[in-house]
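Trainee: Structure in structure tokens, see below.
The values are calculated or read from the model by the stated rules, or taken from the named source; none is laboratory data. This is a predicted model, so every value here is computed, not measured. Every residue, glycine among them, receives a Cβ derived from its backbone with ideal geometry; neighbour counts consider all protein chains shown. Accessible surface is based on the protein model in full, side chains and every heavy atom, while ligands, DNA and RNA are left aside. Shrake-Rupley method; radii C 1.70, N 1.55, O 1.52, S 1.80 Å.
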Amino acid sequence: MRLLKLLPLILLFGAAADAQSPTYGVGRTPTDAEILAWDIAISPTGEELPVGSGTADEGSELYLEKGCAGCHGTTGAGGLAPRLVKRDVGVLEDPWQYGRILPIRSPYATSVWDFINRGMPLGAEGTLTPDEVYSITAYLFFLNDVIDDDLMVLDEKTLPAIQMPNRDNWAQVPDWFPGQPRLQGYPY
Amino acid sequence: MSLALKFLSVYFFVTELSVPVNFIDEGITMDSKKSDRREFLKRGAALAGGVALGTTKTANAQLEGPESFQRGTDEIVGYGKRSRFVDSVRIPHGGRASPDAFGLDFHIATPLQDSVGVITPSSLHYMGTTRGSFIPDIDPEKHRLMIHGMVDNPLVFTMDDLKRMPSVTRLHFIECAGNRSNRRHTTIQETHGMTSCAEWTGVLLSTLLKEAGVQAGADWIVAEGVEEVKGASSIPMTKAMDDCLICYGMNGEPVRPQQGFPLRLMAPGFEGIFNVKWLRRIKVVDQYYMTYNDFGHLTQDPATAALGYQIGPKSVITHPSGGQQLPGAGFYEVSGLAWSGGGSVARVEVTTDGGRTWFDADIRGPAHKMAHTRFTFEWNWDGSPCELQSRCIDEIGQVQPSRAQAAEFWNQPPDQAPRVRGQDNSIQPWRVDGDGSIHNAIA
């Protein structure tokens, strides 16, 4: 009886709905503005980057103005918070050896922009404008010799194009499938 | 009045008076039935008259009774509390204070030495945050989960929406990447306290993803929380569609704030950081995003990357364990926990002679997938020094290694202290000294 009642509905929507994807009809569609406001994870190719721009030159002032220096040190080192600039050890053959310092180790420039945008300054997260984040990111790249022109304009196009020293110098996680050992050939 | 009712009214009267412990003691003294019965009746009369009881405790060999009887309080009637004699607590882990000077919580370890069964009480569940975090105070009425990106129908759910969806309830452990035993640790709370197991209730992520309609080429999701750093992790679509859960329930009540209230992603068997707390967004994407969480796990070595992803087979003896004391030779149930990110625990073996002979332990209760599993082993300690170890074999045949075995596999020079690559799942040795004291035996 119940099934019979449902039948016309199934016929009606059956064409659109995949038989394997039942539609509960719970939840609503977000507005474009809602999506945009939360869409803050930046992919390596930079789709989510907002329009904006800045230079290391501008960033050097913002670094002081926005309080970064207070925690990370005026030169990007020597503060209570982690150092943001590689040690003065010359040019190392393996950039990995500079240490776990985001603006030099990260394979993608976008990760640096993303983290400053979402997580800094500590205690006032989310208060930087896109232009400010572009500028400060450029400054950290300049300090780490990732870029050598303090007037180079970083924006939503140029930032993802920056070739980080570790661009291809990191280990990807393996393809994951259920029921597989964590590393083929490793018995443990 | 029925007899039962009469009894009840006396009972309430008695508890009101906070009768001292020796009332029961003396009332049922068996040394001399006759005189005690007389004593009891006398006391009964005294009670009825509302006179406070004396404490003329007779010297006899009776076992002690309760210390006192507690008046009920509205608070305890409303939300129960453990006994004041139970003092098991979590401790900050990894040499950094929690809370720290800023009030940030970083890593907090579970007292596994006191654990029984397989469920970690919510109040004792370990806690980890990426860089130290304030706990967001979230009104569940206002909380939303958004699913968008490479989907046909982007969706926003309220908590009530999610509770309308088909639910599942599963036991799962979580373990932190920092759960690494070293020779300076003295107790199991230090060596292994960054893992816990709870009963999680929520909606399968696959249910929500199917509802949204995942598009071709969408091989990853990015799951993101709402804490001040908005912690986000990249998770493969194969995992998202397999067994990830969007949890609103933990051990029969809403997920605790430290565990992600009101919503937490559970990625069973994946390392701790993937189990995104305070979850508000899932973006369906076509590539690995290298979020700050992902960056935190970055390595140059493919083997280390693989071994720090899905957790390996692991076990540890919780009792007796480091810092505990055996009162003397005789019978003990050796008891511990085993788990694996590769599935359920198939077998656990125990050795009492430092690994020369291994015996099958008993698995207590069903071995759930990606869940702590209790094992026990009946042991008669002869009082001589020895070494206890356990090892886990999971359903896909992975075997928990000793540190030496792992080092040998990687051809580590013997003069180097062995370091297990990726997540440390090595065997934990506990040394039993002749005086019954238990010590971490990592060389």
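Trainee: In region B:201-247, what residues are touching a Lys or Arg at 6+ places or on another chain (Cβ under 6 Å), more than 9 Å from chain A (Cβ to nearest Cβ) and open to solvent by less than 10 Å² (accessible area, probe 1.4 Å)?
Mentor: B:225, B:247
Trainee: What is the number of the single condition among (1) away from every other protein chain (no Cβ under 14 Å); (2) under 22 Å from residue B:130 (Cβ atoms); (3) out of contact with any helix residue (DSSP H, G or I) (no Cβ under 8 Å at 6 or more places or on another chain) that residue B:194 does not meet?
Mentor: Single failed check for residue B:194: (3).
Residue-by-condition table, conditions (1) without any contact (Cβ under 8 Å) to a residue 12 or more places away in the chain; (2) of a type in the set (Ser, Thr, Tyr):
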| site | (1), (2) |
| --- | --- |
| B:83 | yes, yes |
| B:87 | yes, no |
| B:92 | no, no |
| B:96 | no, no |
| B:123 | no, yes |
| B:139 | yes, no |
| B:152 | no, no |
| B:166 | no, no |
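Trainee: Next question, about the same structure. I need the full set of residues from region A:67-102 which are touching a helix residue (DSSP H, G or I) at 6+ places or on another chain (Cβ under 8 Å), outside any loop (DSSP other than H, G, I, E, B) and more than 11 Å from chain B (Cβ to nearest Cβ), in order please.
Mentor: Those that are touching a helix residue (DSSP H, G or I) at 6+ places or on another chain (Cβ under 8 Å), outside any loop (DSSP other than H, G, I, E, B) and more than 11 Å from chain B (Cβ to nearest Cβ): A:68, A:69, A:98.
Trainee: From the residues in region A:147-180 that are touching a Phe, Trp or Tyr at 6+ places or on another chain (Cβ under 9 Å) and at the interface with another protein chain (Cβ under 8 Å from one of its Cβ atoms), which one is farthest from residue A:56 (Cα to Cα)?
Mentor: Checked region A:147-180; the qualifying residue farthest from residue A:56 (Cα to Cα) is A:176.
Trainee: Identify the single condition in (1) surrounded by 15 or more Cβ atoms within 10 Å (Cβ to Cβ); (2) of a type outside the set (A, V, I, L, M, F, W, C); (3) under 24 Å from the mean Cα position of the chain (by Cα) that residue B:325 does not satisfy, given that it satisfies every other one.
Mentor: Only one criterion is unmet by residue B:325, namely (1).
Trainee: Would you be able to tell me the number of residues in region A:78-123 that are open to solvent by 40 Å² or more (accessible area, probe 1.4 Å), of a type in the set (Gly, Ala, Ser) and touching a residue at least 24 places away in the same chain (Cβ under 8 Å)?
Mentor: Counting residues in region A:78-123 that are open to solvent by 40 Å² or more (accessible area, probe 1.4 Å), of a type in the set (Gly, Ala, Ser) and touching a residue at least 24 places away in the same chain (Cβ under 8 Å) gives 0.
Trainee: Any idea which of B:357, B:291, B:351, B:299 is surrounded by fewer than 22 Cβ atoms within 10 Å (Cβ to Cβ), among the hydroxyl-bearing types (Ser, Thr, Tyr) and within 10 Å of chain A (Cβ to nearest Cβ)?
Mentor: B:299
Trainee: When you check residue B:145 against the structure, is it touching a Phe, Trp or Tyr at 6+ places or on another chain (Cβ under 8 Å), open to solvent by less than 20 Å² (accessible area, probe 1.4 Å), assigned to a strand (DSSP E or B) and more than 28 Å from residue B:114 (Cβ to Cβ), yes or no?
Mentor: Against the criterion (touching a Phe, Trp or Tyr at 6+ places or on another chain (Cβ under 8 Å), open to solvent by less than 20 Å² (accessible area, probe 1.4 Å), assigned to a strand (DSSP E or B) and more than 28 Å from residue B:114 (Cβ to Cβ)), residue B:145 qualifies.
Trainee: Right, next: Starting from residues that are within 14 Å of chain A (Cβ to nearest Cβ) and of a type in the set (Phe, Trp, Tyr), keep the ones in region B:81-123 and report whichever is most open to solvent (accessible area, probe 1.4 Å).
Mentor: The extreme case among them is B:102.
Trainee: For region A:36-56, which positions are open to solvent by 20 Å² or more (accessible area, probe 1.4 Å) and touching a residue at least 60 places away in the same chain (Cβ under 8 Å)? Full working, then the answer.
Mentor: Quick first cut of region A:36-56, residues open to solvent by 20 Å² or more (accessible area, probe 1.4 Å) only: A:36-40, A:45, A:47-48, A:50-51, A:53.
Those that are open to solvent by 20 Å² or more (accessible area, probe 1.4 Å) and touching a residue at least 60 places away in the same chain (Cβ under 8 Å): A:40, A:45, A:50, A:51, A:53.
Trainee: So if I check each of B:433, B:360, which one is without any contact (Cβ under 8 Å) to a residue 40 or more places away in the chain and among the charged types (D, E, K, R)?
Mentor: On the way: B:433 fails: without any contact (Cβ under 8 Å) to a residue 40 or more places away in the chain.
Of B:433, B:360, the one residue that is without any contact (Cβ under 8 Å) to a residue 40 or more places away in the chain and among the charged types (D, E, K, R) is B:360.
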